[in-house]
Amino acid sequence: MSLRPIGREEVRRLIEAGAQLAEVLPAEEYGDEHLPGAIHLPLKSLGPDSAAVLDRSRPVIVYCWDSL
Amino acid sequence: MGFDVYDYTAGKADWISVGWETERAEGVPREARDAMVDDFETCSPDDDAAGLVERVDRPGSVLVVNAEGILLGRVGPHQLHDGAPGATAEEVMHPGPPTVRPFEPLEPLLERMTKAKVTEMAVTSTEGRLIGLVRREARPGPPP
């Protein structure tokens, strides 16, 4: 698995090309607001079971609140 | 896991800070971005400060932004009064004004502005780009 850092312009480009968005913040923060179409994939419970909702044929973009 | 995974490192804060669309729940507390206005004056750093007199005459001040839209400072009546003849906006401005991000909780912000007797607060992106202004007369209410 490769993990490549990207900026928001590339996020937009990848989404338009069919990428999946996944927010790793806790449920409350995800529920308050998230990027359009993002699914909730909390970091604490990330694993093969939780990742099963993802489509393996499409790239995945993960994001948190910020880089800190 | 066999995926191509990308990390949007700047995250949700970055996305919100440039005003891009999100899916937001109803009933969340209002933030600076819900009350900000765009009817304010700006100028370039190399603008002639003397030419700003009429624009600063109205309540408030003129915000100095560079070619990338980054907020550099403010020019108000005090700065014009103290500036030398022929000075530029950058030379007279009050540099590095306080700013908040669009997702700053609105009600506490307005309380702080009231206590500090601040009438306007610039709202900037995570890169420092000016995107709006919150005025103290903004009143929190039901979220949009």
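None of the figures in this text is laboratory data; all of them are computed from the coordinates on show. Please read these numbers as outputs of a predicted model, since none were measured by experiment. In this analysis, Cβ positions are derived from the backbone assuming ideal geometry, glycine residues included, and neighbour counts consider all displayed protein chains.
May I ask you to list the lysines whose Cα is less than 25 Å away from that of B:K12, ignoring any residue fewer than eight positions away on the same chain?
A:K44
For the protein assembly as shown, give me the percentage of DSSP beta bridges that are antiparallel, rounded to the nearest 5 percent.
In the protein assembly as shown, approximately 45 percent of DSSP beta bridges are antiparallel ones.
Compare B:G132, B:G83, B:G11 in a GNM of chain B, Cα atoms joined below 10 Å, and give the one with the largest fluctuation.
Sorting by GNM fluctuation, first place goes to B:G11.
Would you mind calculating the relative contact order of chain A from Cα pairs under 8 angstrom and at least 6 residues apart, reporting the percent as a whole number?
It comes to 39 percent, rounded to a whole number.
Compute the helix-to-body angle for B:106-115: its Cα long axis versus the longest principal axis of chain B, expressed 0 to 90° and rounded to tens.
It is inclined by approximately 30 degrees.
Which aspartates and glutamates have a Cα less than 17 Å from the Cα of B:K117, not counting those fewer than 8 places away in the same chain?
B:E107, B:E137
Roughly speaking, what is the centre-to-centre gap between segment B:31-81 and segment A:1-62 when only Cα atoms are used, to the nearest Å?
39 Å
Might you report the magnitude of the Cβ-based charge dipole of chain A about its Cα centre, with Lys and Arg at +1 and Asp and Glu at -1, to the nearest 20 debye?
Approximately 380 debye in magnitude.
Cut-off under 12 Å on the C-alpha distance; same-chain residues fewer than 8 positions from B:K115 excluded. Which aspartates and glutamates are left, in chain and number order?
Leaving aside aspartates and glutamates fewer than 8 places away in the same chain, none come within reach of B:K115.
As an exercise, identify the GluC sites (Glu not before Pro) in segment B:1-59 lying in DSSP coil whose Cβ has no more than 12 other Cβ atoms within 10 Å.
Qualifying residues, ordered by number: B:E21, B:E26.
Each residue of segment B:5-17 in order: what ³J(HN,Hα) in whole Hz does its phi give by Karplus 6.51 cos²θ - 1.76 cosθ + 1.60, θ = phi - 60°, with x for Gly and Pro?
10, 10, 10, 7, 5, 6, x, 4, 4, 5, 4, 5, 5
Which of B:A84, B:A116, B:A13 moves most in a GNM of chain B, Cα contacts under 10 Å?
Ranking B:A84, B:A116, B:A13 by mean-square fluctuation puts B:A116 first.
Go through segment B:63-77 residue by residue and turn each phi into a ³J(HN,Hα) via Karplus (6.51, -1.76, 1.60, θ = phi - 60°); whole Hz please, and just put x for glycine and proline.
3J(HN,Hα) across segment B:63-77, in whole Hz: 8, 9, 10, 7, 4, 8, x, 6, 6, 10, x, 10, 10, x, x.
Quick one: among A:V24, A:V53, A:V11, which has the greatest mean-square fluctuation in a GNM of chain A with alpha-carbon springs under 10 angstrom?
Fluctuation is largest for A:V53.
Among bridges DSSP assigns within chain B, what percent are antiparallel (round to 5)?
Antiparallel: roughly 80 percent of the beta bridges in chain B.
Starting from the amide H of A:L21, placed 1.01 Å from N in the peptide plane, find each other amide H under 5 Å away whose residue is 5 or more places distant or on another chain.
Answer set, sorted by chain and number: A:I39, A:I61.
Under 5 Å between amide H atoms, partner at least 5 residues away or on a different chain: which partners does B:G73 have, H built in plane at 1.01 Å?
The list, which skips near neighbours in sequence, is B:V64, B:G96.
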